[in-house]
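Asks: First the structure, then my questions, so here it is.
The values are calculated or read from the model by the stated rules, or taken from the named source; none is laboratory data. Owing to the predicted nature of the structure, the values given are computational and were not obtained by experimental measurement. Methodologically, a virtual Cβ is constructed for each residue, glycine included, from the backbone with ideal geometry; neighbour enumeration extends over all protein chains shown. Surface accessibility is based on the protein's heavy atoms, side chains included, excluding ligands, DNA and RNA. Shrake-Rupley method; radii C 1.70, N 1.55, O 1.52, S 1.80 Å.
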Amino acid sequence: MVLMEGRRKITELMLLLLLIGCSASQIQASSENEPDAIFYEPFSESFEGRWIVSSKDEYKGVWKLSKSEGHDDYGLLVSEKARKYAVVKDLGKAVSLKYGTIVLQFEVRFQNGLECGGAYLKYLRPQEAGWKPKEFDNDSPYSIMFGPDKCGSTNKVHFIFKHKNPKSGEYVEHHLKDPPSVPSDKLSHVYTAILKPNNEVRIIIDGEEKKKANFLSANDFEPALIPAKTIPDPDDKKPEDWDERAKIPDPHAVKPDDWDEDAPMEIEDEDAVKPEGWLDDEPEEIDDPEATKPEDWDDEEDGVWEPTKMDNPKCSLAPGCGEWKKPMKINPAYKGKWSPPLIDNPSYKGIWKPQEIPNPSYFETEKPDFEAITAIGIEIWTMQDGILFDNILIADDEKVAESYRLTTWKPKFENEKEKQKAEEEAAGLSDGLSGFQKKIFDVLNKIADVPFLDVYKPKIIDLIEKGEKQPNITIGIIVSIVVVLLTVVFKILFGGKKPKVTVPETDRPAAAEASNTQGSSEEKEDESEKEDAAAPPRRRSTRRET
C-alpha cells in the first residue's frame, strides 16, 4: 500500500515537471516569434547616470527630464535657448548595419516651434574609433546622422552616413539628396529610417513614407558611394596657345562711311502738337492748403517752414500742366557704336579640359561596408528651447517600430491635434483654412528646394517663416512668392542680371553640414541691433510733414 502511494506521488511529480517544461517551451517559442527592440529609451525615469552629458566647455545647454506639454509622458528636454547640447548613451553592445534590416526611430516635439535648431541623432561608432563619452562632441565619429534640422535656408530631415573608402582609407560623408522637409508645427512627430539588406533606405515621418533611396545610387546620395572611375588629371595644364574663342571679330571688316556713331538714340518729335486744354500756367503740385506750421517749429534751427505739397487738382481735369515740351521719339538714324561682325575662329580648339586619369580612390562594392554602432548621441546647437526627445528605438523588424509608433506616438499626436483644433476654433480659424495653410507651406518648402531658385531660397524661406508665425497673412505670403517666381521666369525668358536678394545675415558656426555635419542649427544674430548700429545718424529736416 505504501509502495503504491509512493509510485502515485512520483507519477504526479513527473506530470507536473512535464507540464512546467511544456509551458516553458511555449513561453520561449512565443518570445522567439515576437521580436523585440534592440534598444529602447522612453525616458520614463531619470536619464542621469544612464546618459552621459558631455563635460566639454562649449556644451553649456542643460538637459532636463520633462513632461511633454499636455501629457504625462516624459522626454529629454532642451531647456535653454542659444546653447550647444551634447549627451550620449552607450548601447552596451555593437549593432551591425551590414546584413539584416535595421530600423532607427525616435520622436521629437518642438513645443515652442522651430525657427533655428537641430534635433537629429548621431549613431556612433565604437569608442575604439577615438572618442570618449565625457568628451563627446561634433568630431566624435559616427556611422549615421538622422533627424530634423531647420535654420535659415536649411529645412530638411537629414540622413547622412559615413563610409570608409577601402582604397584611400578616408571616411566620406554621404548626404541624402532632396531629403523631406521638417513639419512646421508644435506637435509630436516620429522619424523613422529603415535600412534594408538590398541597399534600400526609406525615410518615414509619422508612419508615412517621404523618401526612398538606394545607397549605391549616385542619384540618391552626394557624393556617390562609389567614386568615378576617372578624374581630371590635377597635373595637366592648358597650353598657352590654346584658343577657346568660338567667334572672333572679323579682322577685315571696315566701318561704313555713312555710319554715324554720334547720332543720338532719341530725338525730339517735330510733328508733335500740344494737346488742347493744356494748362501752361498751372504747376503740377501746389501747397497743401490744410498744412499748418507746427507749434514747436524753430526757424533758426529748422529753417524756413514750407507747407507740404499736394497734386494740383486742376491738372487731373486737363491733359497736363506746366511748360509743354515736344516728346522724344526713336531716332531712325541711330546706329550706335560700330563694331566688326563676328566670324568663326579658325584657331578655335574648343573648351579645354584636363585629360582624365584613373581614379586612385575608385572601388566597387555590392553593398556599403557600414561601421557598427555602439552608442546614440544628441549633439546640437539650437536657438530654440522646448525641444523634447522621446521613445528612441533601434529594432531589426519594421513591425516592432510600427507597433511602438501606434502605442507611444499615435495617441499622443491625436490628443495634440484635438487640442490644436480647439485652440484654432477658439481663435476663429476654420479647419479648412488651417489645413490649407499647412499644405501651402509644405508646397512652398518644396518649391524653395528647386535648384534654379537657390539665389532666391533665403527670401522664400524668410517669407514662409513669417507666414508660419502669422497664419492670417498666408494669402499675402503666397502672392509674394508668386511675384518671386514670376521674376525668375521673366529672367529666364528675357535674360538679364539676376537681382540682388537681401538676406538677413546669420552668425552660424563654422562646422557646416558639408564638413562636420553640424547641420544648420546655429545662432542667428540680432538683425534689428545690427541695422540700428549700421544706420547713419538722422539729420533734422528743414521741412516737416503735417
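Asks: Please identify the pairs in which a residue from region 31-50 that is modelled with pLDDT under 90 has its Cβ atom under 6 Å from the Cβ atom of a residue that is among the small types (Gly, Ala, Ser), counting only partners at least 6 apart or on another chain.
Replies: Filtered contacts from region 31-50: Ala37/Ala395.
Asks: Is region 349-367 home to any residue that is at positive phi and of a type outside the set (A, V, I, L, M, F, W, C)?
Replies: There is at least one residue in region 349-367 that is at positive phi and of a type outside the set (A, V, I, L, M, F, W, C).
Asks: Under 7 Å between Cβ atoms, at least 6 apart or on separate chains: pull out the pairs that start in region 60-78 with a residue that is assigned to a loop (DSSP other than H, G, I, E, B) and end on any residue that is aromatic (Phe, Trp, Tyr).
Replies: Filtered contacts from region 60-78: Gly61/Tyr85.
Asks: Within region 248-285, count every residue that is assigned to a loop (DSSP other than H, G, I, E, B) and either surrounded by 10 or more Cβ atoms within 10 Å (Cβ to Cβ) or in contact with a Lys or Arg (Cβ under 6 Å, 6 or more places away or on another chain) (or both).
Replies: Residues flagged as assigned to a loop (DSSP other than H, G, I, E, B) and either surrounded by 10 or more Cβ atoms within 10 Å (Cβ to Cβ) or in contact with a Lys or Arg (Cβ under 6 Å, 6 or more places away or on another chain) (or both) within region 248-285 amount to 18.
Asks: If you don't mind, there's one more thing I want to ask. So, in region 150-168, of the ones that are open to solvent by 40 Å² or more (accessible area, probe 1.4 Å) and assigned to a loop (DSSP other than H, G, I, E, B), which residue ends up nearest to Tyr404 (Cα to Cα)?
Replies: That would be Ser153.
Asks: Every residue in region 350-368 that is in contact with a strand residue (DSSP E or B) (Cβ under 9 Å, 6 or more places away or on another chain), assigned to a loop (DSSP other than H, G, I, E, B) and exposed (fewer than 13 other Cβ atoms within 10 Å of the Cβ), please.
Replies: Listed by number, the residues that qualify are Lys353, Gln355, Pro360.
Asks: Restricted to region 302-349, and to residues that are assigned to a loop (DSSP other than H, G, I, E, B) and acidic (Asp, Glu), which residue is least open to solvent (accessible area, probe 1.4 Å)?
Replies: Glu306
Asks: Could you tell me whether Leu76 is in contact with an Asp or Glu (Cβ under 9 Å, 6 or more places away or on another chain) and open to solvent by less than 20 Å² (accessible area, probe 1.4 Å)?
Replies: Here the answer is yes, as Leu76 does meet what is asked.
Residue by residue, here is whether (1) hydroxyl-bearing (Ser, Thr, Tyr); (2) at pLDDT below 95 holds:
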site	(1), (2)
Glu107	no, no
Gly117	no, yes
Tyr120	yes, no
Glu128	no, yes
Pro133	no, yes
Tyr142	yes, no
Cys151	no, yes
Asn155	no, yes
Phe161	no, no
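Asks: Still on this structure, I have one more. Let me spell it out: the conditions are (1) touching a residue at least 24 places away in the same chain (Cβ under 8 Å); (2) more than 27 Å from Asn199 (Cβ to Cβ), and Gly130 meets all of them except one. Which number is the exception?
Replies: (1)
Asks: Can you list the strands (runs of 3 or more DSSP E) lying wholly within region 188-247 that have 1 or more residues being crowded, with 19+ Cβ neighbours inside 10 Å and assigned by the TED database to the domain that holds Lys412?
Replies: Passing ranges, in order: 188-195, 200-205, 208-214.
Asks: Give Ile248, Ile231, Ile226 a once-over and let me know the one that is modelled with pLDDT of 95 or more and within 30 Å of Ser339 (Cα to Cα).
Replies: Answer to the selection: Ile248.
Asks: Could you go through region 111-123 and let me know if any residue there is touching a residue at least 60 places away in the same chain (Cβ under 8 Å), part of a strand (DSSP E or B) and either β-branched (Val, Ile, Thr) or in contact with a helix residue (DSSP H, G or I) (Cβ under 9 Å, 6 or more places away or on another chain) (or both).
Replies: Looking through region 111-123, none of the residues is touching a residue at least 60 places away in the same chain (Cβ under 8 Å), part of a strand (DSSP E or B) and either β-branched (Val, Ile, Thr) or in contact with a helix residue (DSSP H, G or I) (Cβ under 9 Å, 6 or more places away or on another chain) (or both).
Asks: Across region 378-402, what is the total count of residues that are of a type in the set (Gly, Ala, Ser) and either surrounded by fewer than 16 Cβ atoms within 10 Å (Cβ to Cβ) or assigned to a strand (DSSP E or B) (or both)?
Replies: Final tally of qualifying residues: 1.
Asks: Here's a follow-up. Residues in region 83-90: is at least one assigned to a loop (DSSP other than H, G, I, E, B) and open to solvent by 60 Å² or more (accessible area, probe 1.4 Å)?
Replies: no
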